[in-house]
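Throughout, read-outs are computed from the coordinates displayed, never taken from laboratory work. These numbers come from a predicted model, not from an experiment. Cβ sites come from the backbone with ideal geometry, for glycine too, and all protein chains shown count toward neighbours.
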Amino acid sequence: MRDIQSETDSREIPLAKVGVKGLEYPIRVLDKVKKIQHSTAKVSLFANLPHDFKGTHMSRFVEIFHRYRDDLSMPLFLEMLEEIRQSLDAEAAYACMEFPYFIEKKAPVSELPGIISCKCRYEGKVCKAKLSKPGAAKFGSEKHFTVAVSVPVSTVCPCSKAISQRGAHNQRGIISVEMELGPFFWLEDIIALIESSASSPVYSLIKREDEKFLTEQAYDNPKFVEDLVRDVYAGIKNLKQFPRFSVEAENFESIHNHSAYAYAEYNPEISVQTY
C-alpha cells in the first residue's frame, strides 16, 4: 500500500515534535513493598520530523509503548525512547507519562489501613549520537530522564498560631518535587521525606483518636509554605543522589481566596540564581 507519511514534503519546515498525546494505558511500575504496582497512565510520545518528511508513523509509538508497558523503570523507559527514535529514523524522541502512585498507610493511632494517591510523572528524551568532527568517533547519545511526584500534606500557619488565643488556621497543601535521575531510588522514600517536612501527613482513613493525634501534631509543628520548600530542598540535597532537582509547594489557604506558593531549584551549573 502507498506510504504517504514517508513521501517528501517540499515546504522545508522541520517539526520539533510530532506524535501521540493523551494516550491512556494500563502500566506496571516498581513498588518497594509489593514489588509491582498496577496503575493507569496518560502518555505522550513524540519524535522530531525532518523538513523533507511529510509525516510520521503514529502507530509505531503505540506499538512500541505497548511492549514496554509492563516494566517502565528508568533504563527501559530510555530504551523504549531509543527504539522509537530508531524506528522512525528521527534525531530525537521524547516521552511524558503521568500516573497515580498508590501507597498504603496505617492511621497513626488506630493503625487502620487506607490508601493515598500521589501524582507521578516520568519525562524522558534521547537524541542521536553526534560526530565530534568528520571521521571522528561518535559522541554518546544524549539522554535525559526526570521523575516528579506530588504529595498531599497538612500545614498549620505559624503566624496564625503566634497571634491567636484559640487555635490557628490550617490547610491541606501539595508539595511537588522533580528530580533528574541519578542512582536508583524508591518513590516511597521520597514521599516519606516530603511528608516528614510538613506539619503532618494526610491519610484516607482516620478515627477520632487519629484526628486528635494529627491535629495536635500539626499544631506543634507549624510551617509556612516557605518552610516546606526549604526543608524538602535540604532533605533531598543531603541525599546526594540527584544532579538537579526542584521543589514547589502550594497551600490551599483556608482563610484566603488564593493559594500560598513557593519554589526552589538546585542546579550546580548555575552558581547564582536571580529572579
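If R0 is 22 Å, what FRET efficiency do you get for Ser259 and Lys119 from their C-beta distance, rounded to 0.05?
Details: r = 16 Å, r/R0 = 0.75.
So the FRET efficiency works out to roughly 0.85.
Here the extension length gained between Lys161 and Ser196 equals 10.6 nm, from 0.36 nm per residue of separation less the Cα-Cα distance. As a proxy for reagent exposure, Arg67, Arg28 were ordered by neighbouring Cβ count within 10 angstrom, fewest first; the result is Arg67, Arg28.
Can you compute the helix-only [θ] at 222 nm over the chain? Use -39500 (n - 2.57) per DSSP H run of at least 4 residues, normalise by all residues, nearest 500 deg cm²/dmol. List each step's numbers first, then the result.
Working: 6 runs with 68 residues, N = 275.
Dividing the helical sum by the residues of the chain leaves -7500 deg cm²/dmol.
In the list (i) 21.4; (ii) 20.3; (iii) 26.5, the label attached to Kirkwood radius over Cα pairs in Å as derived from the coordinates here is (i).
Spin-label model, His38 to Ser204: label points 7 Å out along the Cα-to-beta-carbon direction sit 1.5 nm apart.
On a 25 Å Cα-Cα criterion, which of the cross-link pairs Lys161/Lys212; Lys42/Lys207; Lys21/Lys143 come out too long? Could the numbers behind the result be given before it?
On the way: Lys161/Lys212 17 Å; Lys42/Lys207 34 Å; Lys21/Lys143 21 Å.
Pairs exceeding 25 Å: Lys42/Lys207.
Counting only aspartates and glutamates at least 8 places from Lys34 when in the same chain, those with an alpha carbon closer than 12 Å to its own are Glu104, Glu188.
Using r as the Cβ-Cβ distance of Phe184 and Lys212, and R0 as 41 Å, what FRET efficiency do you calculate, to the nearest 0.05? It comes to 0.55.
Highest mobility in the GNM of the chain, judged by mean-square fluctuation with C-alpha springs under 10 Å and restricted to Ser87, Ser197, Ser154, is found for Ser87.
Report the calculated FRET efficiency for Asn238 and Arg67 (r = Cβ-Cβ distance, R0 = 30 Å), to the nearest 0.05. Intermediate results must be reported in sequence, preceding the final value.
Numbers: r = 38 Å, r/R0 = 1.28.
The formula returns an efficiency of 0.20 here.
Structure remark: mean-square fluctuation, Gaussian network model of the chain, C-alpha springs under 10 Å; the largest value among Leu205, Leu228, Leu72 belongs to Leu205.
GNM on the chain, alpha-carbon springs under 10 angstrom: the most fluctuating residue among Asp31, Asp89, Asp52 is Asp52.
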